[in-house]
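Asker: Structure incoming, see below.
The values are calculated or read from the model by the stated rules, or taken from the named source; none is laboratory data. A quick note: this is a predicted structure, and the numbers were derived from the prediction, not measured. We place every Cβ from the backbone using ideal geometry, glycine too, and count neighbours over all the protein chains shown.
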Amino acid sequence: MSFRNTFVAELRKAVTLPATWVALAVTLLGSVGVTVLNAVAVRAALDSVARESVASYSAFDTAYAAVPLGTVGAVVIGVVVMSSEYAANRTDAGSGRQITATLTASPRRTGLLVAKALTVVLLVAITAAATIPASAAVARLLIGAGPPETVSLDDALVRSVGAALYWTLTGLMALAITTLARSGIIPLIVLIVNSSLVSFSLLLTNVTPLAHWLPDMAGRRLFLGMPTVEGGLDTGPGAVVMAAWTLALLAVAGVVLSRRDA
């Protein structure tokens, strides 16, 4: 099978997974939901004596506050694209695993992993392209004739691309870790907890400054305009370090996938 056909097959498999649509729904609906709450609070402040406290608060900033939630969706996509290969089929289907058929059709394992990585990139990019503008539109609609927009179109685009890049790199790392684990349970739990509840990397910065070089801490400034912890790498170097972590994990995953039994 050619690489193009492998990529098309992987993309088709991914979009038929219910978990992929759950990830899209969590990202899109969750971000819009948080944006609604934020926008209602801003609108209420504009209508009250607290108007001065939001005088320079833009609709884009209101929506952008919900953007980190998309990391969870990216993790889910990155995990299920590979973990679905190792999930057992129904008993009436032989209780086998999809990975056997996949490797039979696409014996070039490195190419298979690249196809899966491109699938993750495309799905996360589409999710970001739908979520961020939709959230911004909802914020503008609810805030109405509030404070003037302080974020220029160019700045909004740069910040949106930064967020999408962070989501994409996180999704690719989730793919690599799932490939190494051959299961989605542990990567899903650890990565979602780390990205949404408690950042283990952030806790480690209290122990050693080297923790700022861990992937999620290195890339956190890609969320331009959002408050981050003091110290660590600037946006450009941080993005390079996070990308390097991603490529390294994918390289290791590719070697392991090529050398071990299905």
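Asker: Is there a residue being modelled with pLDDT under 95 and of a type in the set (A, V, I, L, M) anywhere in the stretch 241-252?
Answerer: Looking through the stretch 241-252, none of the residues is modelled with pLDDT under 95 and of a type in the set (A, V, I, L, M).
Asker: What are the residues in the stretch 184-200 that are within 10 Å of Val79 (Cβ to Cβ), modelled with pLDDT of 85 or more and surrounded by 15 or more Cβ atoms within 10 Å (Cβ to Cβ), if any?
Answerer: Across the stretch 184-200, the qualifying residues are Pro187, Leu188, Leu191, Ile192.
Asker: With the checklist (1) among the aromatic types (Phe, Trp, Tyr); (2) surrounded by fewer than 12 Cβ atoms within 10 Å (Cβ to Cβ); (3) at pLDDT below 90 in hand, flag the one item Trp21 doesn't pass.
Answerer: If we test Trp21 against (1) among the aromatic types (Phe, Trp, Tyr); (2) surrounded by fewer than 12 Cβ atoms within 10 Å (Cβ to Cβ); (3) at pLDDT below 90, just (3) comes out false.
Asker: Hey, another quick one. So which pairs qualify, if the first residue must be in the stretch 3-14 and surrounded by 14 or more Cβ atoms within 10 Å (Cβ to Cβ), the second must be assigned to a helix (DSSP H, G or I) and among the β-branched types (Val, Ile, Thr), the Cβ gap must be under 6 Å, and the two must be at least 6 apart or on different chains?
Answerer: From the stretch 3-14, the pairs are Glu10/Thr119; Leu11/Thr119; Ala14/Thr20; Ala14/Val81; Ala14/Thr119.
Asker: Filter the stretch 223-262 down to the residues that are under 26 Å from Ser83 (Cβ atoms), in contact (Cβ under 8 Å) with a residue 12 or more places away in the chain and under 20 Å from the mean Cα position of the chain (by Cα) and list them by number.
Answerer: Those that are under 26 Å from Ser83 (Cβ atoms), in contact (Cβ under 8 Å) with a residue 12 or more places away in the chain and under 20 Å from the mean Cα position of the chain (by Cα): Met242, Ala243, Trp245, Thr246, Leu249, Leu250, Ala253.
Asker: Right, here's the next one. When you look at Ser183, is it of a type in the set (S, T, N, Q), within 22 Å of the chain's Cα centre (by Cα) and outside any helix (DSSP H, G or I), yes or no?
Answerer: Yes: the conditions hold for Ser183.
Asker: Applying the selection to the stretch 201-220, what residues are polar (S, T, N, Q) and at pLDDT 85 or above?
Answerer: Matches in the stretch 201-220: Thr208 only.
Asker: Here is a follow-up. Being among the aliphatic types (A, V, I, L, M) and touching a helix residue (DSSP H, G or I) at 6+ places or on another chain (Cβ under 8 Å) is the filter here, so list the residues in the stretch 142-170 that pass it.
Answerer: Those that are among the aliphatic types (A, V, I, L, M) and touching a helix residue (DSSP H, G or I) at 6+ places or on another chain (Cβ under 8 Å): Leu142, Ile143, Val151, Ala156, Ala163, Ala164, Leu165, Leu169.
Asker: Still on this structure: So, Ser201, is that one free of Cβ contacts under 8 Å to residues at least 60 places away in the same chain and assigned to a helix (DSSP H, G or I) or not?
Answerer: Here the answer is yes, as Ser201 does meet what is asked.
Asker: Leu123 - would you say it is more than 16 Å from the chain's Cα centre (by Cα) and outside any loop (DSSP other than H, G, I, E, B)?
Answerer: Here the answer is no, as Leu123 does not meet what is asked.
Asker: Also, I was wondering about something else. Quick one: which residue in Ser196, Ser183, Ser135 is more than 21 Å from Thr246 (Cβ to Cβ) and polar (S, T, N, Q)?
Answerer: Among Ser196, Ser183, Ser135, only Ser135 is more than 21 Å from Thr246 (Cβ to Cβ) and polar (S, T, N, Q).
Asker: Among the listed residues Ser84, Ser56, identify the single one that is assigned to a loop (DSSP other than H, G, I, E, B) and modelled with pLDDT under 90.
Answerer: On inspection, the qualifying residue turns out to be Ser56.
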